[in-house]
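Input: a single structure, listed below in structure tokens.
The values are calculated or read from the model by the stated rules, or taken from the named source; none is laboratory data. In this text, all values refer to a predicted model and were calculated from it rather than measured experimentally. Positions of Cβ are backbone-derived with ideal geometry, glycine not excepted, and every protein chain shown enters the neighbour counts. Quick note on the areas: whole protein, heavy atoms, side chains included, nothing else; ligands and nucleic acids left out. Shrake-Rupley method; radii C 1.70, N 1.55, O 1.52, S 1.80 Å.
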Amino acid sequence: QVQLVESGGGSEQAGGTLRLPCAASGNSNSVRSMAWVRQVPGKEREGVAAISFSGAATYITYAESVKGRFTISKDKPENPLYLQMNSLKPEDTAMYYCTAHPGVFGPTALAAMRRSNSWTFWGQGTQVTVSS
């Protein structure tokens, strides 16, 4: 089992920035792919960013709604996963979940995983609220 704990959520004005860390514990060495997924009550989940480590390469994919504004990163296996959120918009308001999977995905498969949100492990979420 892998436990994921998000933090860093809060309230911010439009145009502001937030950084969300996600700490993994348990059998975290088994994780090869991670992602951030957001959800607004009454709406479908949206995979905003995903990252997969193959050893030889790192693959990253973003939703069009956040491309150029959000950055997903994880420098070392023992370091947290981060989501840097810049130029925030009111439509970014949502609960943000950290997710993980033991599989390795190439660019096409990772994009499909991000859209399908078929992640094995999920955190409890952290709320982000952006006001205009």
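Could you check how much of the accessible area of the range 46-98 is carbon and sulfur, as a whole percent, using a 1.4 Å probe?
49
Each peptide in 90-96, 50-56 gets a packing score, the mean of other Cβ atoms within 10 Å over its residues, and the list from highest to lowest is 90-96, 50-56. Rounded to the nearest whole Hz, the Karplus-based 3J(HN,Hα) values (6.51 cos²θ - 1.76 cosθ + 1.60, θ = phi - 60°) of the range 43-55 follow the sequence 10, 6, 5, 10, x, 8, 7, 9, 9, 9, 10, 9, x, with x at glycine and proline. 3J(HN,Hα) couplings calculated from phi for the range 66-75 with the Karplus curve 6.51 cos²θ - 1.76 cosθ + 1.60 (θ = phi - 60°) are, in sequence order, 10, 4, x, 10, 9, 9, 9, 8, 7, 5 Hz; Gly and Pro show x.
With runs of 4+ DSSP H residues as the only contributors, calculate the mean residue ellipticity of the chain at 222 nm using -39,500 (n - 2.57) per run, divided by the residue total and rounded to the nearest 500.
Details: 1 runs with 10 residues, N = 132.
Roughly -2000 deg cm²/dmol at 222 nm, from the helical runs in the chain.
Rounded to the nearest 20, the Cβ-based charge dipole of the range 1-94 about its Cα centre (Lys and Arg +1, Asp and Glu -1) stands at 120 debye. Summing charges over neighbours of residue 52, with a neighbour being any other residue whose Cβ is under 12 Å away from its Cβ, gives +3 when K and R count +1 and D and E count -1. Compared with the dominant Cα axis of the chain, that is its longest principal axis, helix 107-116 is turned about 50°.
Over the range 1-83, Cα pairs under 8 Å with separation of 6+ residues give a relative contact order of 25 percent.
Give me the 1.4 Å probe accessible area per residue for the chain, excluding ligands and nucleic acids, in Å². Could the numbers behind the result be given before it?
On the way: 6700 Å² over 132 residues.
Counting only protein heavy atoms, the per-residue value for the chain is 51 Å².
Local charge sum around residue 16 (other residues, Cβ-Cβ under 15 Å, Lys/Arg +1, Asp/Glu -1)? Taking every Cβ under 15 Å from that of residue 16, the sum is 0. Across the range 14-31, rounded Karplus estimates of 3J(HN,Hα) from the backbone phi angles (6.51 cos²θ - 1.76 cosθ + 1.60, θ = phi - 60°) give 4, x, x, 10, 9, 10, 9, x, 9, 9, 10, 9, x, 8, 5, 5, 7, 7 Hz, Gly and Pro being marked x. Take every Cα pair under 8 Å whose residues are at least 6 apart in sequence, average their separation, divide by the length of the range 63-132, and the relative contact order is 35 percent. Between the listed residues 22, 100, 10, the Cα displaced farthest toward the positive end of the dipole of the chain, a dipole computed from Cβ unit charges relative to the Cα centre, is found at 100. Simple spin-label estimate for residue 27 and residue 78 gives 2.2 nm between the two label positions (7 Å along the Cα-to-Cβ direction from each Cα).
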